[in-house]
Amino acid sequence: MKLTLKLLAASTLLAFGLGAQAAPIVIKYSHVVADVTPKGKAALKFKELAEKNLAGKVEVQVFPNSQLFGDGKEMEALLLGDVQIIAPSLAKFGKYTPKLQIFDLPFLFDDIQAVDRFQASPEGQSLLTSMSKKGIMGLGYLHNGMKQLSANTKLLQPTDAKGLKFRIQASDVLEAQFKAVGGNPQKISFSEVYQALQTGVVDGTENPWSNTYSKKFHEVQKYIMDSDHGVLDYMVITNAKWWAGLPPDVQKGLKAAMDESIAYGNKAAFQEALSFRDKVIADKKAEVVPLTKEQKAAWRTAMQPVWKKFEGEIGKNLIDAAQRANQ
Ligand code: LMR
């Protein structure tokens with residue numbers, strides 16, 4: 001009898017013990033690019049590390065390729081709590097803070113190392129919290145790379161862009177950039193770019209090498225100019241209220257996983273940009289066109305007025321800090 005009671009007590013305890021184990025917190029991480037890109041790799045690394053750091057406490061679900069939300073809807077979804085982590089391109093924050101428009105200014109950064117230095121500076125770091133009043137918290141910057149112009153005609157001089165239609169991200173700075181060279185920019189979601197190029201809705205666009213290759217844009221563009229005229233990087237963001245409501249140990253484990261996953265993605269961005277360029281060349285679908293120093297200088301001069309146009313919204317102090325990062 002005593003034994004039966006003891007067994008009963010033990011099994012009740014076991015049942016309660018198991019029952020008391022809370023279900024893992026489900027974290028949806030949604031993005032619009034392929035798994036092989038720096039962002040795709042960083043997202044998968046975050047899943048691996050978060051689930052290792054917080055075994056049984058969190059489950060991370062990664063949705064690449066606009067599977068869950070496209071770039072037009074993901075920000076709204078984050079604020080509604082339908083997704084917990086997204087990493088939009090810095091070009092897509094204009095509606096939430098005009099300051100982040102700095103990253104779209106043409107020819108502001110000499111290379112991705114300069115972008116990295118600016119992001120790490122006090123001015124760059126302060127931008128991570130610039131949307132807190134809107135309920136958005138920045139967890140860190142993530143690189144993709146410098147952008148290249150592409151079209152079905154060679155764009156050697158800025159005048160070659162006259163009258164051409166260009167796909168752009170949802171950014172007023174990028175709109176002004178193409179207008180400055182007489183182009184006709186059109187804001188189109190990333191998931192629709194291939195078709196827009198294929199069907200001639202637009203004549204050209206701008207992309208970093210990893211996006212061009214992984215989305216096969218080079219198959220529907222005749223020329224890709226080695227222009228490096230701007231940057232396409234990301235801010236990994238979360239819903240500030242959701243984040244604040246997490247248990248402290250979960251928050252700590254997620255932050256550590258995020259920092260490490262960003263470092264991993266950045267390493268891929270630094271190391272692999274040129275190998276994606278090589279793959280595009282090897283495919284022989286589009287011709288990669290080098291620009292001379294003089295041709296690049298002409299593009300720079302033609303696009304330079306865009307800086308003045310947005311200086312008031314962005315802040316001269318930020319633009320100065322970004323330029324200091326070039327040295
Ligand atoms: C684009 O829309 O071109 C990019 O923002 C896509 C991305 O996330 O790299």
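Listing for the model above:
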| read-out | value |
| --- | --- |
| Two-decimal Rg/Rh across the chain, once Rg and the Kirkwood Rh are taken from alpha-carbon atoms | 1.08 |
| Relative packing of 277-288, 155-166, which averages over residues the other C-beta atoms within 10 Å, highest first | 155-166, 277-288 |
| Peptides 113-119, 198-204 ordered by average Cβ neighbours within 10 Å, highest first | 113-119, 198-204 |
| Volume per residue of the C-alpha convex hull in region 176-305, rounded to whole Å³ | 152 |
| Vicinal HN-Hα couplings computed from phi for region 73-88 (Karplus, 6.51 cos²θ - 1.76 cosθ + 1.60; Hz; Gly/Pro x) | 10, 5, 5, 4, 4, 5, 5, 7, x, 7, 8, 9, 9, 9, 9, x |
| FRET efficiency, 1/(1 + (r/R0)^6) with R0 25 Å, evaluated for Q186 and E219 via beta carbons | 0.80 |
| Under Karplus coefficients 6.51, -1.76 and 1.60, residue-wise ³J(HN,Hα) of region 30-44 in Hz, glycine/proline x | 10, 8, 10, 9, 7, 4, 7, 7, x, 5, x, 5, 5, 5, 5 |
| Value of [θ]222 nm, deg cm²/dmol, for the chain, DSSP H segments ≥ 4, -39500 (n - 2.57) each, nearest 500 | -14000 deg cm²/dmol |
| Antiparallel %, DSSP beta bridges [both residues in the chain], to 5 | 55 |
| Cross-link pairs beyond the 22 Å C-alpha cut-off, checked among K179/K215; K28/K241; K147/K267 | K179/K215 |
| Relative packing of 87-94, 55-62, 211-218, which averages over residues the other C-beta atoms within 10 Å, highest first | 87-94, 211-218, 55-62 |
| For region 140-145, Karplus couplings with θ = phi - 60° (6.51, -1.76, 1.60), whole Hz, Gly/Pro x | x, 8, 9, 7, 10, x |
| Part-to-part distance (alpha-carbon centres) for region 205-237 and region 275-327, which is given in Å | 13 |
| Length gained when the stretch D110-E294 is fully extended (0.36 nm per residue, less Cα-Cα span) | 64.7 nm |
| Amide H contacts of K187 (H built 1.01 Å from N, under 5 Å, at least 5 apart or other chain) | I168 |
| With 5 Å bins from 0: P(r) over region 240-325, alpha-carbon pairs, percent | 3, 10, 8, 9, 12, 15, 17, 12, 7, 5, 2, 0 |
| Using a Förster distance of 45 Å, the FRET efficiency for D226-K252 (Cβ separation, nearest 0.05) | 0.55 |
| Hull shadow area, averaged, region 110-208 [alpha-carbon convex hull, nm²] | 7.7 |
| Rg over Rh [alpha-carbon atoms, Kirkwood Rh] for region 195-271 | 1.16 |
| Descending Cα extents along the principal axes, region 36-154, whole Å | 50, 37, 27 |
| Cut-off 12 Å between beta-carbons: net charge of the residues surrounding G230, Lys and Arg +1, Asp and Glu -1 | -4 |
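Here, each number is a calculation from the coordinates, and none is a lab measurement. Remember, it's a predicted structure, so these values are computed and weren't measured experimentally. When we count neighbours, we look across all protein chains shown, and the Cβ atoms used for this are built from the backbone with ideal geometry, even at glycine.
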